[in-house]
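Everything on this sheet refers to the single structure shown next.
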Amino acid sequence: TYCTLENSLKGPTKGHVFGFDKQGCDLYSRIIYGARASIAVGIFSTLTATIIGVIFGALAGYFGGVLDAILSRIVDIFFAIPMVLAAIVIMQMFKEHRSIWMVVIVLGVFGWTQIARITRGAVLSIKNEEYVTAARTLGVSNIRILLRHILPNAAAPVIVYATVALGTFIVAEATLSFMGIGLPSSIVSWGGDISTAQQQLRTAPMVLFLPSIALALTVLSFIMMGDVIRDALDPNQRKH
């Protein structure tokens, strides 16, 4: 965005409805640009966590036995590690290589455990259904049964949780950027703008409040979208 120090901390003017930040950058433009990075991290982190979680959960739930015990213990180990704390440690270790993809990988690797548990539970409730037993009797391979019969019918709770988790990953990215160890300063993000604007809390509070409001509304939107998707995929949950 175009910035000029002459406009530093000026209020709203014609063509600049939110005013300017300390560097004289248009606040509205920075909020829009910040949305791209934050939402991109949220979407790709959710995809990464969903892929890992579905693989672990599906294999554990379908095959059971020793494989279930081993995979469940791996899930428990990762579940015991706080995602944001792990991300702080990893990002601090590789702070010279910070990028959107670095944040995506770190959040995805440490944020898949709940999806794995949800997938495992859904697979356990479906794998003994009659159509699965019929497919197994006909000699259909286990992988084909998983991909064609079980996972499509177990997808509803995973999709609902993934939608809500997307907002969680956006908040995690904002937290890391706020602490200065998330996205690099060359990438506009809400967390970075909030961190920079905290020094102007008393003199120009809107510089801090506006990106914070954008972050809160975005996360709330994904949470509400998760509720809508849940109602659409599960008629028993619909509100009358």
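Across the options M179, V207, V160, the greatest Cα extent toward the positive end of the charge dipole of the range 127-240 (unit charges at beta carbon of Lys, Arg, Asp, Glu) belongs to V160.
Across the accessible surface of the chain, with the other protein chains kept in place and a 1.4 Å probe, carbon and sulfur atoms take up 66 percent. Between S99 and E6, the modelled label-to-label distance comes to 3.8 nm, taking each label 7 Å out from Cα in the direction of the beta carbon. The listed peptides 68-74, 37-43, ordered by packing as a protection proxy, come out as 37-43, 68-74 (highest mean of other Cβ atoms within 10 Å first). The charge dipole of the chain, taken about the Cα centre with unit charges on the Cβ atoms of Lys, Arg (+1) and Asp, Glu (-1), comes to about 100 debye, rounded to the nearest 20.
Per residue, the solvent-accessible area of the range 1-143 (1.4 Å probe, heavy atoms of protein chains only, all protein chains present) comes to 55 Å². Across the chain, Cα pairs under 8 Å and at least six residues apart give a relative contact order of 22 percent. The figure for I55 is an accessible area of roughly 90 square angstrom, using a 1.4 Å probe on the protein chains alone. For the range 24-46, backbone nitrogen atoms closer than 17 Å to the point 7 Å from L217 Cα along Cα-to-C-beta are found at 27-39. A Stokes-Einstein calculation at 25 °C with viscosity 0.890 mPa s, built on the Kirkwood radius of the range 1-52 over Cα pairs, returns a diffusion coefficient of 198 µm²/s. Among the chymotrypsin sites (Phe, Trp or Tyr not before Pro) in the range 64-96, those placed in a DSSP loop whose Cβ has at most 15 other Cβ atoms within 10 Å are F94.
Can you tell me the FRET efficiency between V140 and R73 if r is taken as the Cβ-Cβ distance and R0 is 25 Å, rounded to the nearest 0.05? About 0.25, to the nearest 0.05. With the whole protein complex present, L201 retains an accessible surface near 80 Å², based on a 1.4 Å probe. If I ignore ligands, DNA and RNA and count only protein heavy atoms, how much of Y28 is accessible to a 1.4 Å probe, in Å² to the nearest 10? Counting only protein heavy atoms, Y28 exposes about 110 Å² to solvent. How many percent of Cα pairs in the chain exceed 21 Å? The calculated P(r) of the chain puts 63 percent of pairs beyond 21 Å. Extension gain for R202-K14 works out to 65.2 nm (0.36 nm per residue, less the C-alpha to C-alpha distance).
The values are calculated or read from the model by the stated rules, or taken from the named source; none is laboratory data. Note that this is a predicted model, so its numbers are computed, not measured. Counting neighbours? That spans all protein chains shown, and the Cβs are built from the backbone with ideal geometry, glycine included. Quick note on the areas: whole protein, heavy atoms, side chains included, nothing else; ligands and nucleic acids left out. Shrake-Rupley method; radii C 1.70, N 1.55, O 1.52, S 1.80 Å.
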